1. Is the stretch 22-73 rounded, prolate or oblate when judged by the Cα gyration tensor, a ≥ b ≥ c being the square roots of its eigenvalues, rounded requiring a/c under 1.5 and prolate requiring a/b larger than b/c?
2. What base-10 log of the normalised intensity I(q)/I(0) is obtained for the stretch 146-301 from the Debye formula, alpha carbons as equal point scatterers, at q = 0.13, 0.15, 0.16 Å⁻¹?
3. Classify the stretch 124-224 as rounded, prolate or oblate, taking a ≥ b ≥ c as the square roots of the eigenvalues of its Cα gyration tensor: rounded when a/c is under 1.5, otherwise prolate if a/b is larger than b/c and oblate if not.
4. Identify which of 50, 348, 119 has the largest mean-square fluctuation in a Gaussian network model of the chain, with springs joining Cα atoms closer than 10 Å.
5. How large is Rg over Rh for the chain, taking Rg from the Cα atoms and Rh as the Kirkwood inverse mean of 1/r across Cα pairs?
6. For labels at residue 258 and residue 36 in the simple 7 Å Cα→Cβ model, what's the distance in nm?
7. Run the numbers on the stretch 153-218 and let me know its relative contact order in percent, using alpha-carbon pairs under 8 Å that are six or more apart.
8. Antiparallel as a % of all DSSP beta bridges within the chain, to the nearest 5?
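What follows is calculated from the coordinates using simple rules that are stated; it is not laboratory data. All figures in this text were calculated on a predicted structure; none of them were measured in a lab. Cβ placement follows ideal geometry from the backbone for every residue including glycine, while neighbour counts extend to all protein chains displayed.
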């Protein structure tokens, strides 16, 4: 049997502790399946004496992860600290510069510095693996980087944030407000005390940027994503979607067009009978469309200590099984030097159409005015209905729901702005894209 693969783990939070526990409990099994033992020799975390429920007394302790990356007796540096800069970036960079293999679950780091780190890994003949950075335990990175080689991918989309999916699921199934569902998600540990990164869509955007590069061979462009979170979704939107045969999901969507790449993250109405509409709770799902394979949907746990640790362990196992001196798989699917510059697609008509919810003063002429403003902006309406028979409040306001045919978002925004100037609109209008996978 080959010599042991020695690893150092930076970050002993939920994922780090789960990884240590798995490696300790399944050492013999891993040695057999990987052809060599995998041993932890060094660890680093913020606090040394914290009770984590695992024994780390036999490992070399490093207060500074950068020092561990530079000096520890390890073959693989496992980064589980998080954050796009600071110690995470410095330590990964130091490990790669030393020629160590790196495994990370850090999507923010990769979204910001992924191309530079991939280039450094290639120069040093090291592996940079990051399966756990996107969609937790779903092996979508390996699928894109290896299994789907030769396929031309035209579109990739999915539910990539368990916090948002949990909140939207609870709102629909229990009729709760966004605020109530967020509080419950925080109580259960699905949402952070400061949840903006998740609920504003940033987490999904980082993951989408990585998938876009792997799918289309372009440089990572996290700043080129249209971004909209779920904070403005109300129970009225959830109910209206249900009446129309849809469910609301926060989707990340990337697709290749004749003019460039389109990337967007936003609440989306999907048909209730579609497969992705059935993905509930903290579960994630990633779908892709390829010319040889056709359509593929991968569903599984998108977060949590065990699911993420499982993905990290898979990356470590790949390194353990690799042959010294063998050609490594490029971190981003192709050599960093051969990634194409990112080109943002020109604005085009959205094929699925739009859902528009307006709360208006109940008076004569409102329906006609709304229809006129839509026509002026060349928007064809699939339907325009008064959502409820009774006034939505004591002032006698009504809710009007519009569903458009394929149209430009700019046209929709201009029409809504024109309606706002008419004086009969109450509150903020809601506009949600409709996807028909």
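1. On the way: a/c = 3.40, a/b = 1.53, b/c = 2.22.
Taking the square roots of the gyration eigenvalues as a ≥ b ≥ c, the stretch 22-73 is oblate.
2. Relative scattering, expressed as log10 I(q)/I(0), comes to -0.60, -0.78, -0.88.
3. Working: a/c = 2.46, a/b = 2.16, b/c = 1.14.
Since a/c reaches 1.5 and a/b is larger than b/c, the shape of the stretch 124-224 is classed as prolate.
4. 50
5. Details: Rg = 24.3 Å, Rh = 23.4 Å.
Radius of gyration over Kirkwood radius for the chain works out to 1.04.
6. Taking the two extended label points, one gets 5.2 nm.
7. Working: 39 pairs, mean separation 25.7, N = 66.
RCO, the stretch 153-218: 39 percent.
8. Numbers: 47 of 72 bridges.
So the antiparallel bridges amount to about 65 percent of the total.
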